[in-house]
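Working notes for the structure below.
The values are calculated or read from the model by the stated rules, or taken from the named source; none is laboratory data. Note that the structure is a prediction, hence the values are computed from the model and not measured. Cβ atoms come from the backbone with ideal geometry, glycine included; neighbour counts cover every protein chain shown. For the accessible areas, the whole protein counts, side chains as well, though only heavy atoms, and no ligand, DNA or RNA atoms are used. Shrake-Rupley method; radii C 1.70, N 1.55, O 1.52, S 1.80 Å.
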Protein chains: 2
Amino acid sequence: MLNYSVSEENYIKAIFHLQEQAGTVTTNELAGELSTKPASVTDMLKKLKAKKLLHYQPYQGFRLSADGNKVALGVVRRHRLWEYFLSVKLKFSWDEIHEVAEDLEHVSSKKLIDKLDEFLGFPRFDPHGDPIPDINGNIIASKTICLQELTPDTRAIVSNIKDQSTQMLEVLQHKSIGIGTRLEIRRKFEYDKSMEVKIGRLPVITISEHLAKNIFVQAI
Amino acid sequence: MLNYSVSEENYIKAIFHLQEQAGTVTTNELAGELSTKPASVTDMLKKLKAKKLLHYQPYQGFRLSADGNKVALGVVRRHRLWEYFLSVKLKFSWDEIHEVAEDLEHVSSKKLIDKLDEFLGFPRFDPHGDPIPDINGNIIASKTICLQELTPDTRAIVSNIKDQSTQMLEVLQHKSIGIGTRLEIRRKFEYDKSMEVKIGRLPVITISEHLAKNIFVQAI
DNA sequence: AAATAAATTTAGACAAAGCTAAAAAAATAA
DNA sequence: TTATTTTTTTAGCTTTGTCTAAATTTATTT
């Protein structure tokens, strides 16, 4: 795998995210995303095209090639693993991790990232609930939904917790719920919209409507 | 604290290390250290002088200013904390950590480094036995010596272990000795050159000459 | 369909950090 | 003390990634 500059990686990552929505990306969009000028974007597009990372015809918009996608997934993997590390190990708050991970993601040692992944226990979602590509660049496609929306006998992994108040965290800790927790919905009660949930071999716990509305999961 | 480019930081760090030996540094020395050309060094010297990080008169050699020293200590702190992390947490072998830390040291978030320091338990020596500057840039001056050379009633911190064989690690683990372990020499026996050592509140242990010759410490 | 507006690209500049080759200063030798 | 060698600096060029201003292409109106 070749090495790309910080700037190239930032362009590739931004294109990756923008094309997730629309399939194709425009010069102005990308300039906006990267807080740069359209002329600078055009320059970089030529370079990325020359390196076969991009499908691009002047004036016609662009999207990543298969190779470009691979590079993007590598950057996303690094970014999200570092975010997980910063949040879980270094106890950064959720609004601080993105900026620091923006720098760390460009340290490109593959061995570093694979060992970090192992050290963290192969997490599948970052603290924002976004899936972390695995060592082969495979990424879970399922999108985050609210725990409240799940039906009995569904299994899911907690990926995001909206309310970060101390009280909330107290409840979560008590119930052994955190990012990455695997759980299975057992019952739902119409009466108060509460649900019963099983986590591993722990006794079944009850989750109130209020709580369930603040927990986001990936169905599996 | 201002921000410096990766290149500036590498120059400053190299000057810091070179001037530890001789007090002052020459253009050729620095070019050799950084695997670059003397002409490139001169260019950077002018820039660092303009930023008041360097005392420099053309043709007369140079050394870091007080400000330059502060910057250098910051880089060294980051480098050594990352080395410690890579070795202790990610289980990198000792010959792999330097290269990766060369990249990580340039991620400049102060909060990241201070939290990493805390997460690691405020280590005072990196895996090579070199002291880690603390949050205020203070660095322990004492140099690494062989455990075998210590006399009774001396206290020291383990900073380096030469032989990394599995058998060696087995013995160390059994005796609760690792990088950072504080110990006190109690007795030495001329007969077999073994020594008795106390670690914290654990019972006194015996260390053979063979073992002591492979453990390096900082006297305190 | 022609006119206007918006988006995109090209052309030309600039700063950072490197290089080579030539000039200048300092150190060493004859 | 000259002459020569070594070290250091200067001058000018290159690449990467950015910018502004002008030109071009595409889209939108009237």
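A simple count of charges around residue B:55, restricted to other residues whose Cβ falls under 11 Å of its Cβ and scoring Lys, Arg +1 and Asp, Glu -1, yields +2.
Taking B:210, B:128, B:79 and ordering them by how much accessible surface each has at a 1.4 Å probe, largest first, produces B:210, B:128, B:79. Helix A:66-84 and the longest principal axis of the Cα set of chain A meet at an angle near 40°. Label points for residue A:20 are taken 7 Å from Cα along Cα→Cβ. From this copy to the others they lie 4.4 nm apart, shortest first. Estimated from the Cβ-Cβ distance and a Förster radius of 60 angstrom, the FRET efficiency linking residue B:219 and residue A:164 is about 0.80. Take segment B:13-126 with all the other protein chains still there, run a 1.4 Å probe, and you get 49 Å² of accessible area per residue. Semi-axes of the equivalent ellipsoid for segment B:6-64, computed as √(5λ) from the eigenvalues of its C-alpha gyration tensor and ordered from largest down, come to 13, 13, 12 Å. About the centre of its Cα atoms, segment A:144-219 shows a dipole size close to 240 debye [charges on the beta carbon of Lys, Arg (+1) and Asp, Glu (-1) only; nearest 20 debye]. Positive contributions from Lys and Arg (+1) and negative ones from Asp and Glu (-1), summed over other residues with Cβ under 11 Å from the Cβ of residue B:220, come out at +2.
Per atom type, segment B:144-219 shows carbon and sulfur on 50% of its accessible surface, probed at 1.4 Å. Spread over its residues, the convex hull of the C-alpha atoms of segment A:144-219 is 76 Å³ per residue. Surface burial for B against A, with a 1.4 Å probe and both sides summed, reaches about 1600 Å² of accessible area. The residues of segment B:163-220 have, on average, 63 Å² of accessible surface per residue, using a 1.4 Å probe with all protein chains present. Largest to smallest in accessible area, the residues A:33, B:184 fall in the order A:33, B:184 (1.4 Å probe, all protein chains included).
Within the accessible surface of segment A:23-118, defined with a 1.4 Å probe on protein heavy atoms only, the carbon and sulfur portion equals 49 percent. Inverting the pair-averaged 1/r between distinct Cα atoms of the protein assembly as shown gives 25.6 Å as its Kirkwood hydrodynamic radius. In segment A:6-64, a dipole from Cβ-located charges (positive for Lys and Arg, negative for Asp and Glu) runs towards its positive end, and of A:35, A:18, A:60 it is A:60 whose Cα lies farthest in that direction. Anisotropy class assigned to segment B:89-220 is prolate, per the alpha carbon gyration tensor with a/c at or over the 1.5 cut-off and a/b larger than b/c.
Counting only heavy atoms of the protein chains and using a 1.4 Å probe, residue A:202 has close to 80 Å² of accessible surface. Report the one residue of A:128, A:112, A:145 whose Cα lies farthest in the direction of the positive end of the charge dipole of segment A:74-146 (charges on C-beta: Lys and Arg +1, Asp and Glu -1; origin at the Cα centre). Of the options given, the answer is A:112. Spacing of the modelled spin labels on residue A:39 and residue B:186, each 7 Å from Cα toward Cβ, amounts to 7.7 nm. When only the Cβ of Lys, Arg, Asp and Glu is charged (+1, +1, -1, -1), the dipole of segment A:6-64 relative to its Cα centre reaches about 280 debye. Taking a ≥ b ≥ c as the square roots of the eigenvalues of the Cα gyration tensor, chain B is prolate, since a/c reaches 1.5 or more and a/b is larger than b/c.
Once you reduce segment A:10-30 and segment B:41-92 to the center of their Cα atoms, the two points are 38 Å from each other.
When the other protein chains are added to the chain by itself, burial of at least 20 square angstrom of heavy-atom accessible area (probe 1.4 Å, ligands and nucleic acids ignored) affects these residues of segment B:98-131: B:100, B:103, B:104, B:107, B:109, B:111, B:112, B:115, B:119.
Residue A:195 contributes about 0 Å² of solvent-accessible surface, heavy atoms of the protein only, 1.4 Å probe. Count Lys and Arg as plus one, Asp and Glu as minus one, and take only other residues whose Cβ is under 9 Å from that of residue B:106; the net charge is then -4.
Shape call for segment A:181-220 from the C-alpha gyration tensor, a ≥ b ≥ c root eigenvalues: rounded (a/c under 1.5), prolate (a/b greater than b/c) or oblate? In terms of gyration-tensor shape, oblate.
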